Each structure stands twice: as C-alpha cells, then as structure tokens.
Amino acid sequence: MGNGLQHYNFEIKYRKGCNNQVADALSRRSYPEQPDDENEVAAVKGILPADNDQSSKVQKSAQDYSICNNVLYKWFQKRVRVDNGEKWIKQLCLPQALREDALLSYHDSFVGGAHLGIERVYHALSLKYFWPKMHQSIENYIRSCDRCQRIKRDTKGKKPPLNPLPVDTTFERWHMDFLKLSKTNEGYSYVLLLVDSFSKWSEAFPMKTQEASEVAKVLFREIISRYGAMKCLVTDLGRNFVSNLVNALCEMLNITRHHTSSYHPQTNGLVERTNSTLIQAVRAYSDKDQNNWPNKLPGILMAFRNSPSTQSTEYSPFSMVFGKEMNLPFDASVLPKDNLSKDAKHHLEEIISNLKITQDLAAENIKLKQAKMKERYDKNTKIPEFRLRDKVLLKEHVVPVGRSPKLVDKFNGPYYITDCGPNFTYKLRRCSDQKEH
C-alpha cells in the first residue's frame, strides 16, 4: 500500500475522531480471519458469584453432580438408614425437552400414571430423575390436568365468606319449602312449610301435590290473609315455586322473590333446619302405618311456637308475636290466673311495651349470633377470584341412570361465566352447546 501512495501528491492532516465519523475502510487496519477452534475458544457459561458465601454454596452444590458416559447425574442423599450408612440415589438430570414426556408417563399414562397426586408423582420421579424446581413444575402440571380436576375432590377449595341475611321485623321475610313424607290414606304426601325469618314462627300444611296452583292458594289463604303481605319470599328453584302463577301473585302484592342457587340449600337454611326438626317430631308420634302424621302437625307446631330459639333470638316465637308466653295445658292447672281487672287501653299498652322490648332484644341477639357464626365460618374461607368470561368446571350433583356414583366425574363442563351476581353467585353458559345454567 505504501509503494502505491508514492505516485500521489498529498498532504497528511490530523482530523479528530468526532469529526471523522464516517471513516473509510482504508483508515482501519485489517487482520487475517482466525479459525474457530471450539476446543480452545468457547463462550463463558457463567462465573462464580463475587460474594464469598454465594461462591462457596455454588462450589459445594457442584459436588452433588457427576458426569458418567457423557450424562449428567445428581446424587441425592435419601434419609433412609441402610447397613452401610444412609442411602444415596443417583438421579439423571433430565433436559427440558424430555420433562413433559416424563410427566405424561408418570402421571397421565394408564401404565404407571393413574392420575396420582402431586407428592406421589414427585417421589416416584425423584427416585430416578432431577431438574431444577422439579416439585413446582410437577405441581403446576397436575393442578392444570383437566382429567384430575373432573374426577377428584377439591381438597384445596375454600368456601366464600358467610353473608348473613339482614335482620327484619316480624312477618317481613318468609322462607318456604316442601317436605316429602309417606303417602296417607287421604292422599297427603307432602308438607308445605313456611318459617318467619325474624320470629321463627312456623306454619305447616299437609298437601296432596306440589302443584303451583295449590302453593299459590295456601300462600294467599293461610299466610298473606292472616299475617299480611310479606316483603320477601325465599324459596329454592323448584318449578312449583318459580311458576308463572306464584310469580304473578308476588308481583301483584309487591313481594320480592329470592331464590337459592342450585344445590345450595344453605341460603334457605332456616326452613331446612325446621324440616329436620319436624321430621324428628313426626317420627316420634306417627303410628306404625305412618298414616296419621297430618293430624300431628298442629300439636307439633304448638311446641315449635312455644320453644325459645336458642340459636338465634333466645325468645319463643309466640312471645315475639303476641308479647306474652304461651300457656300449655299444664300451666292452667298450676300457674295463677292473670289479673283481668285492667282496662283495655292499659292492657294494650302493656302488650305493645312487652312486644317492643322482646323484639328489640331478639333483634340484638340475632345480630350477635350472626356475628359469632360469621367469625367461626370465615376462618376457613376465601373470597373467590372468578371473573366474567372465566372458564370453570361445575360440581356434578346428578348421577345418570345406570351409572355408579363412585365412578361418575365429580365435575363437568367447561362453562364460562356470563354474569357475576351478589354474594358470590354466578350465571354460567356451557361452552359446548351454549346452554345456560
């Protein structure tokens, strides 16, 4: 290059680098291309941490690994005593590309898998294999397994927090349900049971059918005409309760309808508990043919109304309605008679005063009991994190005819959430056929 430049007349001037940003190739010295020798030159994979403690930990952990026939193994010390000391397990370090196949074999496969749980799959794999964060990846894999979610009990699932119903006054909110008993000679097979939410006053009517027309008749003739139109009526989603006839009656009288969600009778727990107590009482007094239970209902209801509600108001339903305690036949022969010399106005004022005191104290007792119940219940609850359009599975409650309940999937679906209602209730639509649930 130097001999070639001798033929030119030129002057060399210094130019700063900042003013010579577009330098041509002649201003740069070229070097011959070097061969790529992997045996001598390689990229640095990593370096020891600068911190001495961290560096010592890395060096110490490296002692657990060895290479045999170009395969990396990890030595794991299992806490099992053998004759010559503790047992060491040789774990093959499984590369990323083979981990999913290992999980399929040890969890999904019919031969050796059987959809076992997280710990059993982890311990089975760890006897032979190792990879970083192995337990976490196994847990994520099994928790996302569609088949496992359908067939296993949700042991990790928690109920949402308790939402007690508001405290009303007497006969403002009634709870209604049907109870099926043995069929009598007169044709009665059912009991229509209604319970006042505040006073716990109970009414029970023997019924031959569960037809909506009969429900509407009893509701108006025996409840509304006697105690007035309630503000709210709580029932399940039975066809007889959500019929056009019952809905029309409630709409005409401005009665708000509240329905329990499917397969969740706890919302209507008051009448469910009364159902249980009523069955027990009927069992105690029915004859061998179980044919006389309709005649026993009035006496049983009398006992219910006379008995204080120890789990709620601590007062008897009778006293909360009438401002005085009920007299039983035994009381008439033992207790002194009331002084009847009072005038009507004084007597009325005394009843009103007693009612106010009783109902105020009862309302306070209900709130205290609800607060204690909520505190106990909420210890093992969790606020659901479901959102609109989320895909979910639904617990299976109906076993198809001819199939064993023990072998039916515990959950079905998937569904997606179309609406998020109050108190953690949701409307669902099945993904396969768009049917609402």
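The values are calculated or read from the model by the stated rules, or taken from the named source; none is laboratory data. These numbers were taken from a predicted model, which means no experiment stands behind them. Counting neighbours? That spans all protein chains shown, and the Cβs are built from the backbone with ideal geometry, glycine included.
Here are a few things to note about the model shown:
- Residues in the stretch 428-437 that are loosely packed, with under 14 Cβ neighbours inside 10 Å and either modelled with pLDDT of 75 or more or within 26 Å of Lys152 (Cβ to Cβ) (or both): Cys431, Ser432, Asp433, Lys435, His437.
- Reported count of residues in the stretch 168-196, each being touching a helix residue (DSSP H, G or I) at 6+ places or on another chain (Cβ under 6 Å), over 21 Å from Lys231 (Cα atoms) and assigned to a strand (DSSP E or B), is 1.
- Here Lys406 does not qualify as modelled with pLDDT under 75, charged (D, E, K, R) and under 30 Å from Gly323 (Cα atoms).
- Selected residue (criterion: surrounded by the fewest Cβ atoms within 10 Å (Cβ to Cβ)) from residues of the stretch 317-340 that are modelled with pLDDT of 80 or more and of a type outside the set (A, V, I, L, M): Asn327
- Positions within the stretch 197-222 being surrounded by 21 or more Cβ atoms within 10 Å (Cβ to Cβ), closer than 29 Å to Ala363 by Cα and out of contact with any strand residue (DSSP E or B) (no Cβ under 6 Å at 6 or more places or on another chain), in sequence order: Phe198, Ser199, Lys200, Trp201, Leu219
- Taken over the stretch 213-241, the residue count meeting the criterion of being in contact with a Lys or Arg (Cβ under 7 Å, 6 or more places away or on another chain) and either part of a strand (DSSP E or B) or free of Cβ contacts under 8 Å to residues at least 40 places away in the same chain (or both) is 3.
- Residues that are at pLDDT 85 or above and hydrophobic (A, V, I, L, M, F, W, C) within the stretch 282-299 comprise Val282, Trp293, Leu297, listed in sequence order.
- Taking the numbered list (1) farther than 18 Å from Ser66 by Cβ; (2) modelled with pLDDT of 90 or more in turn, Asp108 passes all entries but (2).
- Tally, over the stretch 187-220, of residues that are of a type in the set (D, E, K, R) and farther than 18 Å from Leu297 by Cα: 3
- Residues in the stretch 68-88 that are of a type outside the set (Lys, Arg), at pLDDT 75 or above and part of a strand (DSSP E or B): Cys68, Val71, Leu72, Tyr73, Trp75, Phe76, Trp88.
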